[in-house]
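Colleague: Once you've had a glance at the structure underneath, I'll fire off some questions.
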Amino acid sequence: MTTITDHLPIDVQGLRKTYGDFAAVDHLDLQVRPGEVFALLGPNGAGKTTTVDMLCGVQRRTGGTVSVLGEDPHHDSRQWRNRLGVVPQNTGDYLNLTVREVVEMFATFYSDPIPTDELISMVGLTAKAGAKTNALSGGQKRRLDVAVGVVGKPELIFLDAPPTGLDPQARREAWDLVDYFRELGATTVLTTHYLDEAETLADRAGVIAAGRMLAIGTIDELGRTAGYSANVTVTDLEGVAGVIPSDLGVLEPDARADRRGGVLIGTDQPTAVVERLTRLAREQGFGEIPGLTVSRPTLEDTYLRLIQREDAQR
């Protein structure tokens, strides 16, 4: 019988990669849906790149089961690889070739590549098409890496920290490229240190720490996993802890507040919290609650809370 997992571009169960006694990836589960942009997030050394390398067939796994586009990456067939696009973390060294020559060379590896001039334009290198790659800036080299990674018009794209070395304009152009392949129906796995990028581009995200998947979901779902669905921040109110019980919200210093100090309250009941704060403000002679904001947790808020929780448990 056909199940939904038969149609998943990526279906991973219990993935492991060990080096002696050290587990770089530790029983990781991951399912990526057709056509989505999935962001893989985590601090340095979390296991993101190792995971991507195993999914691409670059590294052998120690354990677990893996299906990528319906095949085990361990077999690494040419037909299967023809359906993948990979933009690695490190910029490639193409010696003394021109931009056009590099793209044309990699295009020969695929059955249905994107036309060279079209792709060079897509990554913003038209003016540098005839330039030697050793004359490119760091950001321009990274654009060329993206072109090489997607030249085969892949069904599944791995972008490992693609904005590294890109200026803000080039980052935006890289975002446009992700949207372009989304419109073509491709599935994209994005690893990034830019949380605003993941929040802008990704349909869902997974947070990895110490080789383990801490949580997977949409930004809203991750926020609930992290323990609250709203942020309430205030400044210049003493006694906040006395009016916000633990079952109503989680208090912590607000690093984004000004030097007067501030408190962030993570809560699933923002209306009740604001009512408590209103009474406290009136008792202290304030007509308004100083510095009051109510907002949905950003991906950065959620990410930091999940990582801090994992660190505390370890």
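The values are calculated or read from the model by the stated rules, or taken from the named source; none is laboratory data. Computed from a prediction, not measured in an experiment: that's the story for all the values here. Here the Cβ is made from the backbone with ideal geometry for all residues, glycine too, and neighbour counts use every protein chain on show. Calculation scope for accessible area: heavy atoms of the full protein, side chains included, ligands and nucleic acids excluded. Shrake-Rupley method; radii C 1.70, N 1.55, O 1.52, S 1.80 Å.
Colleague: Do the sum for the chain: with -39,500 (n - 2.57) for every DSSP H run of n ≥ 4, divided by all residues, what is the mean residue ellipticity at 222 nm, to the nearest 500 deg cm²/dmol?
Modeller: On the way: 11 runs with 104 residues, N = 314.
About -9500 deg cm²/dmol.
Colleague: Report the full-extension gain for the segment S295 to L69: residue separation times 0.36 nm, less the Cα-Cα distance, to one decimal in nm.
Modeller: Values: separation 226, 0.36 × 226 = 81.36 nm, distance 3.88 nm.
Extending this stretch completely gives an extra 77.5 nm.
Colleague: Quick one: if you stick a label point 7 Å off each Cα along the C-beta vector at E221 and D268, how many nm between them?
Modeller: Label at E221, label at D268, 1.7 nm between them.
Colleague: Taking only protein heavy atoms and a 1.4 Å probe, what accessible area per residue, in Å², does the stretch 228-296 have with all protein chains in place?
Modeller: Numbers: 4020 Å² over 69 residues.
In whole numbers, the stretch 228-296 has 58 Å² accessible per residue.
Colleague: Could you provide, to the nearest whole Å², the per residue accessible area of the stretch 10-223 with probe 1.4 Å?
Modeller: Values: 9270 Å² over 214 residues.
The answer is 43 Å² per residue.
Colleague: A follow-up question, please. Express in nm, to one decimal, how much length is gained between L95 and E36 on full extension, taking 0.36 nm for each residue of separation and deducting their alpha carbon distance.
Modeller: On the way: separation 59, 0.36 × 59 = 21.24 nm, distance 3.50 nm.
That works out to 17.7 nm of additional length.
Colleague: Residue-wise, which Karplus ³J(HN,Hα) couplings in Hz belong to the stretch 72-83, taking 6.51 cos²θ - 1.76 cosθ + 1.60, θ = phi - 60°, and x for glycine or proline?
Modeller: With the stated coefficients, the stretch 72-83 comes to 7, x, 4, 6, 6, 6, 5, 4, 5, 5, 4, 9 Hz.
Colleague: Can you give me the convex hull volume of the Cα atoms of the stretch 228-296, divided per residue and expressed in Å³? Provide the component values of the computation, followed by the final result.
Modeller: Working: hull volume 5.2 nm³, N = 69.
Cα convex hull per residue, to the nearest whole number: 75 Å³.
Colleague: Helix 138-150 versus the longest principal axis of the chain: what is the Cα-based angle in degrees, 0 to 90, to the nearest 10?
Modeller: 70 degrees
Colleague: When the Karplus curve 6.51 cos²θ - 1.76 cosθ + 1.60 is applied with θ = phi - 60°, which whole-Hz ³J(HN,Hα) does each residue of the stretch 11-23 get, with x for Gly and Pro?
Modeller: Rounded to whole hertz, the list is 9, 10, 10, x, 5, 9, 9, 10, 10, x, 8, 8, 9.
Colleague: Shifting gears a bit: What is the percent carbon and sulfur in the accessible area of the chain, measuring with a 1.4 Å probe over the protein chains and ignoring ligands? Kindly include the intermediate steps, with their values, before the conclusion.
Modeller: On the way: 7530 of 15390 Å².
After summing per-atom areas, the C and S share lands at 49 percent.
Colleague: Starting with the highest mean, order 232-239, 39-46, 180-187, 97-104 by the number of other Cβ atoms within 10 Å, averaged over the residues of each peptide. List each step's numbers first, then the result.
Modeller: Working: 232-239: 17.2, 39-46: 20.8, 180-187: 15.5, 97-104: 19.1.
Sorting 232-239, 39-46, 180-187, 97-104 by mean packing, highest first, produces 39-46, 97-104, 232-239, 180-187.
Colleague: Once Cα Rg over 2.2 N^0.38 Å is worked out from the coordinates, which option in [x] 1.18; [y] 1.09; [z] 0.93 does it equal?
Modeller: Correct label, based on the coordinates given: [x].
Colleague: Report the extension gain between H7 and R60 in nm, rounded to one decimal, defined as 0.36 nm multiplied by the number of residues separating them, less their alpha carbon distance. If you can, show how the numbers build up before the last one.
Modeller: Details: separation 53, 0.36 × 53 = 19.08 nm, distance 2.35 nm.
Once the chain is fully extended between H7 and R60, it gains 16.7 nm.
Colleague: Between Q79 and H193, take the C-beta separation as r, use R0 = 22 Å, and let me know the FRET efficiency to the nearest 0.05.
Modeller: Numbers: r = 34 Å, r/R0 = 1.53.
With R0 = 22 Å, the Cβ-Cβ based efficiency is 0.05.
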